[in-house]
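A quick write-up on the structure given underneath.
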Amino acid sequence: MLAFELQTEADTLALARSLAAVLEGGDVVGLEGGLGAGKTTFARGAVHGLGVPEETAVTSPTFALLHQYEGRLPVAHADFYRLGGEGEVEELGVDELLEEGAVLLVEWGRKFSGMAARTVLWVELEIVSDVARRACLRAQGVRGDAIIGALSK
């Protein structure tokens, strides 16, 4: 586990960019935290860190459920909060995206055991103040351990 105190939104974006630098196609990153904890901000930093142009807006997929971007790798940003079952996750086509080499950033991924089992890294965000956040990165499996190791350097 790695823990970070993020004093500003810029700190959150910088951490996400650092993570993006070590992500590979097929990686699933779970973004956890309450409303307003910074999940979408973190996703924005990771998406831009994966080479998606800065002028590309990265917004919450709460109602669209899934946004896709093209960078050095394909990137998908999903929000499972409103989904009712594993079948709805399947209908989004995330398995196909991962098989095609996309990185998946998923909010509320612990809601479904199938997706939770495929997650290699959990980013848990907690509100500390109006602007400050605490981030805990927890590895899951060998790939998650490799990501934590790369970020620790």
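Residues in segment 71-81 that are part of a strand (DSSP E or B) and under 14 Å from L19 (Cβ atoms): 2 in all. Candidates in segment 3-13 are the residues that are surrounded by fewer than 15 Cβ atoms within 10 Å (Cβ to Cβ) and hydrophobic (A, V, I, L, M, F, W, C); of these, the one that is nearest to D145 (Cα to Cα) is A3. For segment 19-45, how many residues meet the condition of being out of contact with any strand residue (DSSP E or B) (no Cβ under 8 Å at 6 or more places or on another chain), modelled with pLDDT of 95 or more and surrounded by fewer than 15 Cβ atoms within 10 Å (Cβ to Cβ)? Adding up the residues that qualify gives 1.
Going by what's in this entry, would G141 be described as more than 15 Å from L65 (Cα to Cα), surrounded by fewer than 15 Cβ atoms within 10 Å (Cβ to Cβ) and either free of Cβ contacts under 8 Å to residues at least 12 places away in the same chain or touching a Leu at 6+ places or on another chain (Cβ under 8 Å) (or both)? For G141, the condition - more than 15 Å from L65 (Cα to Cα), surrounded by fewer than 15 Cβ atoms within 10 Å (Cβ to Cβ) and either free of Cβ contacts under 8 Å to residues at least 12 places away in the same chain or touching a Leu at 6+ places or on another chain (Cβ under 8 Å) (or both) - is not met. Checked across segment 48-63, the condition of being within 15 Å of W122 (Cα to Cα) and not small (G, A, S) holds for no residue.
Across segment 109-153, what is the number of residues that are among the hydrophobic types (A, V, I, L, M, F, W, C), under 16 Å from the mean Cα position of the chain (by Cα) and part of a strand (DSSP E or B)?
8
Can you find, within segment 123-153, the residue that is nearest to L19 (Cα to Cα) among those that are among the polar types (S, T, N, Q) and touching a strand residue (DSSP E or B) at 6+ places or on another chain (Cβ under 7 Å)? By that ranking, first place goes to S152. Among the numbered criteria (1) of a type outside the set (A, V, I, L, M); (2) more than 14 Å from the chain's Cα centre (by Cα); (3) not in a helix (DSSP H, G or I), which one does P61 miss? Here P61 clears every test but (2). Only one entry of V89, V103 meets the criterion of being of a type in the set (V, I, T), more than 20 Å from Q140 (Cα to Cα) and in contact with a Leu (Cβ under 7 Å, 6 or more places away or on another chain), and that entry is V89. Show the residue pairs meeting these rules: Cβ distance below 9 Å; 6+ apart or different chains; first residue within segment 52-64 and at pLDDT below 95; second residue assigned to a loop (DSSP other than H, G, I, E, B) and of a type outside the set (A, V, I, L, M, F, W, C). Matching pairs, first to second residue: T62/Y81; T62/R82; F63/R82. Among the residues that make up segment 58-65, is at least one of them surrounded by 13 or more Cβ atoms within 10 Å (Cβ to Cβ) and farther than 21 Å from T12 by Cα? Yes, because at least one residue in segment 58-65 is surrounded by 13 or more Cβ atoms within 10 Å (Cβ to Cβ) and farther than 21 Å from T12 by Cα.
When residues in segment 82-99 are screened for being part of a loop (DSSP other than H, G, I, E, B) and surrounded by 13 or more Cβ atoms within 10 Å (Cβ to Cβ), 2 of them pass.
The values are calculated or read from the model by the stated rules, or taken from the named source; none is laboratory data. Because the structure is a prediction, the values reported are computed rather than measured. When we count neighbours, we look across all protein chains shown, and the Cβ atoms used for this are built from the backbone with ideal geometry, even at glycine.
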